[in-house]
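Novice: Please read through the structure below; I'll follow up with questions.
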Amino acid sequence: MAQIFLMIQEGTEKIKDIIEDDVWGTIKKFLDLGYQFGEGEKSIHITVGLLLLLTIAFLLTSTVLQGIRRFFTRNMETDDKLKFISIFKFIKYLVYVVVILFTMSAAGINITILITASAALFVGLGLALQEIFQDIIGGIFIIVDKSLRVGDIIEIDNKVGKVFEIKLRTTRAVTRDDKVIIIPNHKFISDIVYNYTQNHKTTRESIQIGVAYGSDVELVTRLLLEVIKSHRNVLKSPKPFVIFEDFGDSALIFVLNFYITDSFSVPRIKSELRYKIDAEFRKHKVTIPFPQRDVHIYQQGTLRNE
């Protein structure tokens, strides 16, 4: 019995030696295959084992980040979820960089050599991508503080557009002539941007009208209010009102003020109102003058031919 036990023990040791020397040794040699860059302490050895370790780290990190994203977005609305995903993508890239550096350090590679060697590259890349980073930071601020939402009507660089997409680096809006304008997000931080619908959808618009001197100003006011009240897109409350603004060079200046909920279509609405105002003024013989100048010629003497 003792002899059998001894034989089993010897067989186990032989199998163990075979596994350690042959199987594990072969695997270790395969994992140590790679290329070496540099010499001495400053050398960097890229091996199959390191690449495999980085791959596993990437997969684990991606799985964890995906789980975190699902955890935070499970109860969010669609718009908030899209905004969070945009920020999360930026954070994910930073986490990947940290994981790569940490994994290489854990594998015995001196990462300070990599950082030092690529310092100049990082500086140049940072200067070249400065505006891109500003756009990303601007996008994060927009998404976090909700200063801009899809559907908002904005005016930037004398262009009016309706926002239909907010991304991490750019915001897209469609203009009144149905053209898409792509706005870098840093514009919303550095430039003055008018948001017509930040607080509510109602905006006050106005039309300026000039009538001839001698016109009945009470009649003009009444006609303007009748025209504006009959338009389907003008709100009844707050009430429209007329201001007698000024005595112009060639006309009495009135301003018709009204409220609407679709400021994106205001050029069309103003055009329809001007058609009606012109028709009413013609009907009641109210004249819209054109600029006039009086030229006086003074004759100071007679030219003589010598």
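Novice: Does the range 216-230 contain any residue that is under 45 Å from the mean Cα position of the chain (by Cα), of a type in the set (D, E, K, R) and within 28 Å of Lys159 (Cβ to Cβ)?
Specialist: No: the range 216-230 contains no residue that is under 45 Å from the mean Cα position of the chain (by Cα), of a type in the set (D, E, K, R) and within 28 Å of Lys159 (Cβ to Cβ).
For (1) among the hydrophobic types (A, V, I, L, M, F, W, C); (2) within 21 Å of Val220 (Cα to Cα); (3) at pLDDT 95 or above, each residue gets a yes or a no:
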{"position": "Lys239", "(1), (2), (3)": "no, yes, no"}
{"position": "Asp246", "(1), (2), (3)": "no, yes, no"}
{"position": "Ala251", "(1), (2), (3)": "yes, yes, no"}
{"position": "Phe264", "(1), (2), (3)": "yes, no, no"}
{"position": "Ile269", "(1), (2), (3)": "yes, yes, no"}
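Novice: Same structure, new question: Kindly evaluate Glu226 against the criterion of being surrounded by fewer than 18 Cβ atoms within 10 Å (Cβ to Cβ), among the acidic types (Asp, Glu) and either touching a strand residue (DSSP E or B) at 6+ places or on another chain (Cβ under 7 Å) or closer than 30 Å to Phe164 by Cβ (or both).
Specialist: Taking the combined requirement at face value, the residue does not satisfy it.
The values are calculated or read from the model by the stated rules, or taken from the named source; none is laboratory data. Note that the coordinates shown come from a computational prediction; the quantities given were computed from them, not determined experimentally. When we count neighbours, we look across all protein chains shown, and the Cβ atoms used for this are built from the backbone with ideal geometry, even at glycine.
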